[in-house]
Amino acid sequence: MEQVSSSPCELPLLNDITSIAEDGYTDLHGKPVSRFLTGGWKASLFIITVEIAERFAYCGISSNLITYLTTVMQQSTPTAAKNVNLWSSAASMFPLIGAFVADSLLGRYWTIFLSSLIYVLGLFCLTLSASLTFLNPYSCKERSIFCTKPSAFQVRFFFVSLYMVALGEGGHRPCVEAFGADQFDEGNPTERKYKSSFFNWWYFGICTGSISAVSVLVYIQENVGWGWGFGIPTMAMGIAFSVFFCGTSMYRHKLPSTSPVTRIAQVFVAAIRKWNVSVNISSHGEEKLYVTQEFCKGETRKLMPTNQFRLLDKATVAIGLDYEHKTNINWRLCTVTQVEEVKLVLRLLPIWVACLMYGIVFQQPSTFFTKQGATMNRKISGNIEIPAATLQMFISLTILVLVPMYDKIFVPLARSITGNERGITLLQRIGVGIFFSVIAMIVAALIEMKRLQTAKEYGLVDLPHATIPLSIFWMLPQYILFGMSEMFAMIGLQEYFYDQMPDTMRSLGIAMYLSVFGVGSFFSSILISLIEKVSSTGNKQNWFADNLNKAHLDYFYWLLAALNALFLCIYLAFSSCFIYKKVESHDEEIS
């Protein structure tokens, strides 16, 4: 049987081939681009700047949204909490839609462009909602019957504006990070090393934006006014959008491909149709796969064949019927690269599942840690008392300190020992981060035991509003450990889901990374509900009682530590047999 192969649309080469950016890069009009005039750090810095502003805007809204809903919008605390969770869930789910649009229809640049317009418009409408009299009800510091209730129109206008921000976030978040990483040519060894550094500095930028929002915007919102509190993020995002647009001539682009869902479905359909077809064996004992064509749009590199999920290889074998159905050939015969793309996605799923427990643990600093700290002594000097949520800043501060050390000291040192261009593999980095999260939960449980013991010693068990004479800074180690965990695991997950996804589905890869924490948040709510129901049966004390001095958050932390350790073992088992993506253009496996 003959191997059917064609390559009908190769890009024309420039005179000096070394000046061409490889890996299928083009300019905005689909033409070849120079390696020296586009991409690299000069382009990615524009993109990182946009993300700093986006995190500043998003965290400036999300971190204090519940306060706005309970005061200005006059909602009860449970209703406000429900609305915050629904909005956060939407912001986590919309990236899956945005990634699909970017990978299959518009490309990353135009998806970022359009979603940023929606984002800025949503922020602008939020600012109007908080500033104009006919859109903003009379604000009360505390809900009461004397406060003016917002009209139905005011409520609708506010929530439409809020969900416009979530929609803009959905198109912006998965594409900006993937687009920034796209600026480094994987066909060039030097730029390939820079790509790994990019993810470190990307997260550095995220933390910078988050800290600025929590430390500045929250104060402005509660002490200056909500109009300014929403208006400043709007201006910041508008300026960042202009900066992104100014860097257009420097960007490298990858053309959108066929719908990822379609490409995956084609492989399964073709393999099922040929379930009884044998893959030929060559004289060397190796399977011989037949390729119908090379895709020129989106599919930039050939993936090397692997032995996992070998039943899918049947989709690459050409038989007589394939030539009789030329109009439907893509659903009968697939390229090796297309089949390997599906294998890549399947190989990612066990790792995704194994990281879900980490996604649950990740929710604790902004919930129970804060509630725990609110009962402790929060005075720092005289009568100055810090909010319990302030300690979350130490997570980001830890990351800001460690990222430069990791990138400039640890990676070169580890690289000289392991020979890996990243220092350690992506899965090793994620595993180290999950391990630190286990330690963080153990420390949190020990500190909570100390807090409960102090409450007993001072006779404060039955006084839920009393301040426990134990400094809140006893909790500092668990926040620092969470910062260390994020520096390893979060950045590793971002790079892993970008790097190991097919080239044509990298925006979707970032969306998958974000979904770990969206699903983790959902499972966290389920776990809390189950524990609350079980622990309150009979005469048992509810682990999450309103009186934290009678509750048992320490039990909950021990449970999370144990479950996280169990999932870490599962993760290690899955990662030990994981096969990293291999491409024809690289001499060795990228890991």
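The values are calculated or read from the model by the stated rules, or taken from the named source; none is laboratory data. No experiment lies behind these values; they were computed from the predicted model shown. Neighbour counts are summed over all protein chains in view; Cβ atoms, including those assigned to glycine, are modelled from backbone coordinates with ideal geometry. All accessible areas refer to the heavy atoms of the entire protein, side chains included, with ligands and DNA or RNA removed. Shrake-Rupley method; radii C 1.70, N 1.55, O 1.52, S 1.80 Å.
Observations on the structure shown:
- Computed from point charges on the beta carbon alone (+1 for Lys and Arg, -1 for Asp and Glu), the dipole magnitude for the stretch 153-250 about its Cα centre is near 120 Debye.
- Residue-span extension gain [Leu356 to Leu86] - 0.36 nm each, minus C-alpha spacing: 95.3 nm
- Per atom type, the chain shows carbon and sulfur on 65% of its accessible surface, probed at 1.4 Å.
- Degrees between helix 506-535 axis and first principal axis of the chain (Cα, 0 to 90, nearest 10): 40
- Angle in degrees between helix 553-576 and the longest Cα principal axis of the chain, rounded to the nearest 10: 10
- Per-residue surface analysis assigns His253 an accessible area of about 20 Å², computed on protein heavy atoms at 1.4 Å probe radius.
- 3J(HN,Hα) couplings calculated from phi for the stretch 362-368 with the Karplus curve 6.51 cos²θ - 1.76 cosθ + 1.60 (θ = phi - 60°) are, in sequence order, 4, 7, 5, x, 8, 10, 6 Hz; Gly and Pro show x.
- Computed E for Ala265/Phe245 - FRET, C-beta separation, R0 41 angstrom, nearest 0.05: 0.70
- The mean sequence distance of close C-alpha pairs (under 8 Å, at least 6 residues apart), as a share of the length of the chain, puts its relative contact order at 19 percent.
- Helix 77-101 vs. the chain, principal-axis angle (Cα, 0 to 90°, nearest 10): 10
- DSSP-defined beta bridges in the chain - what % are antiparallel, rounded to 5: 75
- Estimated vicinal HN-Hα couplings, Hz - the stretch 381-389 in sequence order (Karplus 6.51, -1.76, 1.60; Gly, Pro = x): 6, x, 9, 7, 10, 8, x, 4, 5
- The stretch 87-236 - Kirkwood radius from inverse mean 1/r over Cα pairs (Å): 17.5
- Subset of Lys42/Lys408; Lys31/Lys408; Lys408/Lys581 violating a 24 Å alpha-carbon distance limit: Lys31/Lys408; Lys408/Lys581
- Computing FRET efficiency as 1/(1 + (r/R0)^6) for Val432 and Ile526, where r is the C-beta to C-beta distance and R0 is 25 Å, gives about 0.35.
- Rounded FRET efficiency, nearest 0.05, which uses the C-beta distance separating Cys569 from Ile272 and R0 of 56 Å: 0.95
- To the nearest 10, the accessible area of Met505 is 0 Å² with a 1.4 Å probe.
- Annotation: extensible slack from Val401 through Met304 equals 31.0 nm (criterion: 0.36 nm per residue apart, minus Cα-Cα distance).
- Value of relative contact order over the stretch 400-474, rounded to a whole percent, pairs C-alpha under 8 Å and six or more apart: 15
- Amide H to amide H, with H built 1.01 Å from N, Leu470 comes under 5 Å of Asn377, counting only residues 5 or more places away or on other chains.
- Vicinal HN-Hα couplings computed from phi for the stretch 164-175 (Karplus, 6.51 cos²θ - 1.76 cosθ + 1.60; Hz; Gly/Pro x): 5, 5, 4, 5, x, 4, x, x, 7, 4, x, 7
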